[in-house]
Amino acid sequence: MTDRSPAPGLNLIDRAIAVFAPERALRRTQARRALAYYEAARPDRQRKARREYGSASNAVRTAGTSIREQARHLEQNHDLARAVLRVLVNSTVGSAGIQVEPTPLRADGSVDEALAQAMLEVWDEWGEAPEVTRQLSWPKCQRLLARTKFRDGEALARFIGANMPIRHATDIPLSLELLEPDFLPLGHDTDYQGRKVKDGIELNGWGQPIAFWLYRGHPGEYDGSLIPWSQLSRIDASDILHLVQRDRLHQRRGMSEFASVIERFDHLKDYETSETIAAKVAASMGAAIKKGTPDLYQDDTDSEGEVTPRDLKFRPGMIFDDLLPGESIEMIGNNGRPNAQLIDFRNSLLKAATSGMGASYSAVSRVYDGNYSARRQELVDVWVDYAVLSQDLAAELVRPVYRRVLTAALAVGRLRLPADMPLRRALQAMYVLPSMPWIDPAKEAGAWQTLIQQGLASGPEIVRKRGRSPADILREEVLWREQWRAAGEPLPTGQAAPVAPPVPAPRDPDDPDEQEPPDEGDDTDDTDTDDAQARARGVAAQGRPKLHVL
């Protein structure tokens, strides 16, 4: 006889469910057994097990505006939060911005140096006033966009071309309009001609942006009332650069880097404020008059019932000589203020906050403790975070802007490509990111010198690591040597000019002493061999330029 009773091991509720829905009872049992292997998934009295439900876009929609406003408040009112933001921007963009080194490639893979120089001149000229207000240089635009992206979670830039009623700063018909994320409405969803618009971004079936719906003015300039859709303009996605700080897949809008550290910065500011108030109170030294036992207490009134005034003022080195019987002075001390643990506790909070944002604690706090190895290890660890942010900015901002500018320059005839060079090869370029600074120049330069000698690095690589252009360095070096020669002075130490081999005097064919001795070896033509060796030495010398580390 077959046993049709519920399986053993089920609790009472599962047994009851198994009678009517055995599959559901089985799923409940399997889920409960899976949770038994992960204690973190089972909330109890000591574990709250907080959870995040929903998609990334819904999470940003719910908290994005609030976090963005709090991050802006921190930047405006908290010095350490502002310092963290400044370190992130300066380390990922640099003082000169993410630089571009054009490398237009010929069909044989070589670089057209003349065309590269012409492209660089056009790029530098456009970068003097690239945006619509003509108030910002290209490096300043990069820093502002990076600052907005890190603080607000996203930033936008719009291409303004020749079809717009604007007078561009150069003859290249292209400018940028820099926009805060407030221009892109968060939470505005609608259907536009059968297309989905989510959070102001019009998407196709694959989630690719087709257009952006932007406010015609900054919504903060309005009276706070709801702005209707009639105040929005539809901009094609090809004219918009959307710099987004993404943490999850399928995330349409960005989240601030301050999101996970806002509470810690609040704690840090509140603690510093409380300690400051306590120190101020402790610095205001006071004293209390102890009356003693009640039988010694004397009323301060005279025979007419009026209170006799007592003037006890604190003065340096004062002596209390008018105390009444039974009275004594008890000084109110500083109660251990300022707190001896203030610095350590404050620094621990700051270290956690800077670590959460991927910034260097030493750079933010201006505390440079430790030896060379410890300081360099901190710099190496944190510079990986900077490099990731720099790569994102180069891909999202610098590269599309550079290609758009050169395409516009080609359209108006400022640049001309060779007939055998396609546009995709002409737009090739190297993007020079900010380099990790040297803590000890002598040690760093010695390490690079060893790499060069071992054939593991090149001079142009080191120049780029230092944030410079190899072509500019070479041009400056040639001009520097020419100026020293023109002045009739020897080159500085370490800058010795190559010495040309001496040219032998012509031999007299009639003088037997100047005749070359006959070759007693093989009958190979030595003239061709010597010429070939000389040419080889010359080519090798040109291919291995000396690196002068200043």
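Is it fair to say G187 is small (G, A, S), modelled with pLDDT under 90 and under 21 Å from V60 (Cα atoms)? Walk me through it before giving the result.
Numbers: small (G, A, S): yes; modelled with pLDDT under 90: yes; under 21 Å from V60 (Cα atoms): yes.
The answer is yes for G187.
Residues in region 384-401: is at least one more than 30 Å from I473 (Cα to Cα), among the small types (G, A, S) and modelled with pLDDT of 90 or more? So far as region 384-401 goes, no, none of its residues is more than 30 Å from I473 (Cα to Cα), among the small types (G, A, S) and modelled with pLDDT of 90 or more. Of all the numbered requirements in (1) open to solvent by 60 Å² or more (accessible area, probe 1.4 Å); (2) outside any helix (DSSP H, G or I); (3) closer than 30 Å to P460 by Cα, E121 misses one, and that requirement is (2). Restricting to region 32-64, and then to whatever is at pLDDT below 75 and not in a loop (DSSP other than H, G, I, E, B), can you tell me which residue is farthest from P185 (Cα to Cα)? Top of the filtered list is R33. Counting the residues of region 80-114 that are under 18 Å from the mean Cα position of the chain (by Cα) and assigned to a helix (DSSP H, G or I) gives 13.
Given the structure, is A83 open to solvent by less than 20 Å² (accessible area, probe 1.4 Å), in contact with a helix residue (DSSP H, G or I) (Cβ under 6 Å, 6 or more places away or on another chain) and more than 20 Å from E154 (Cβ to Cβ)? Answer is yes for this residue.
For D236, are the conditions met, namely being surrounded by fewer than 20 Cβ atoms within 10 Å (Cβ to Cβ) and touching a strand residue (DSSP E or B) at 6+ places or on another chain (Cβ under 8 Å)? Taking the combined requirement at face value, the residue satisfies it. For region 91-109, a residue qualifies if it is modelled with pLDDT of 90 or more and either among the hydroxyl-bearing types (S, T, Y) or over 20 Å from R403 (Cβ atoms) (or both), and the qualifying residues are S91, T92, T103.
Residue pairs whose Cβ atoms lie under 6 Å apart, separated by 6 or more positions or on different chains, with the first residue in region 473-485 and of a type outside the set (A, V, I, L, M) and the second open to solvent by less than 100 Å² (accessible area, probe 1.4 Å) and modelled with pLDDT under 85, are W484/L491.
Note on region 163-187: residues that are out of contact with any Leu (no Cβ under 8 Å at 6 or more places or on another chain) and touching a residue at least 12 places away in the same chain (Cβ under 8 Å) amount to 13.
Condition check ((1) closer than 30 Å to Y271 by Cβ; (2) hydrophobic (A, V, I, L, M, F, W, C); (3) touching a residue at least 40 places away in the same chain (Cβ under 8 Å); (4) out of contact with any strand residue (DSSP E or B) (no Cβ under 9 Å at 6 or more places or on another chain)) across all residues:
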site	(1), (2), (3), (4)
A83	yes, yes, yes, yes
L88	yes, yes, yes, yes
I98	no, yes, yes, no
T103	no, no, yes, no
M119	no, yes, yes, no
E128	no, no, yes, yes
R134	no, no, no, no
W138	no, yes, yes, no
L144	no, yes, no, no
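Residues in region 401-450 that are among the β-branched types (V, I, T) and either surrounded by 14 or more Cβ atoms within 10 Å (Cβ to Cβ) or assigned to a loop (DSSP other than H, G, I, E, B) (or both): V401, V405, T407, V412, V432, I439.
Within region 130-159, being part of a loop (DSSP other than H, G, I, E, B) and either open to solvent by 20 Å² or more (accessible area, probe 1.4 Å) or among the aromatic types (F, W, Y) (or both) holds for V132, T133, R134, Q135, L136, S137. Might you check whether a residue that is crowded, with 17+ Cβ neighbours inside 10 Å, assigned to a helix (DSSP H, G or I), touching a Phe, Trp or Tyr at 6+ places or on another chain (Cβ under 9 Å) and not aromatic (F, W, Y) occurs anywhere in region 339-349? Among the residues of region 339-349, at least one is crowded, with 17+ Cβ neighbours inside 10 Å, assigned to a helix (DSSP H, G or I), touching a Phe, Trp or Tyr at 6+ places or on another chain (Cβ under 9 Å) and not aromatic (F, W, Y), which makes the answer yes.
Residues that are outside any loop (DSSP other than H, G, I, E, B) and exposed (fewer than 11 other Cβ atoms within 10 Å of the Cβ) were ranked within region 204-233; the one that is modelled with the lowest pLDDT is S230.
Take the conditions (1) crowded, with 19+ Cβ neighbours inside 10 Å; (2) under 23 Å from K351 (Cα atoms); (3) of a type in the set (D, E, K, R); (4) in contact with a helix residue (DSSP H, G or I) (Cβ under 7 Å, 6 or more places away or on another chain); R72 misses just one of them, which is (1).
Hey, can you tell me all the residues within region 431-447 that are touching a helix residue (DSSP H, G or I) at 6+ places or on another chain (Cβ under 8 Å) and either under 20 Å from V384 (Cβ atoms) or at pLDDT 90 or above (or both)? Those that are touching a helix residue (DSSP H, G or I) at 6+ places or on another chain (Cβ under 8 Å) and either under 20 Å from V384 (Cβ atoms) or at pLDDT 90 or above (or both): Y431, V432, L433, P434, S435, M436, P437, W438, I439. Test D392 against the stated conditions and say whether it is open to solvent by 40 Å² or more (accessible area, probe 1.4 Å), part of a helix (DSSP H, G or I), farther than 23 Å from G161 by Cβ and of a type in the set (D, E, K, R). Yes: the conditions hold for D392. How many residues are open to solvent by less than 60 Å² (accessible area, probe 1.4 Å) and either among the acidic types (D, E) or in contact with a His (Cβ under 6 Å, 6 or more places away or on another chain) (or both) if we restrict to region 239-248? Residues meeting the conditions: 1.
The values are calculated or read from the model by the stated rules, or taken from the named source; none is laboratory data. Note that the structure is predicted; figures quoted are calculated from it, not measured. We place every Cβ from the backbone using ideal geometry, glycine too, and count neighbours over all the protein chains shown. The accessibility values were calculated without ligands, DNA or RNA, using every heavy atom of the protein model including side chains. Shrake-Rupley method; radii C 1.70, N 1.55, O 1.52, S 1.80 Å.
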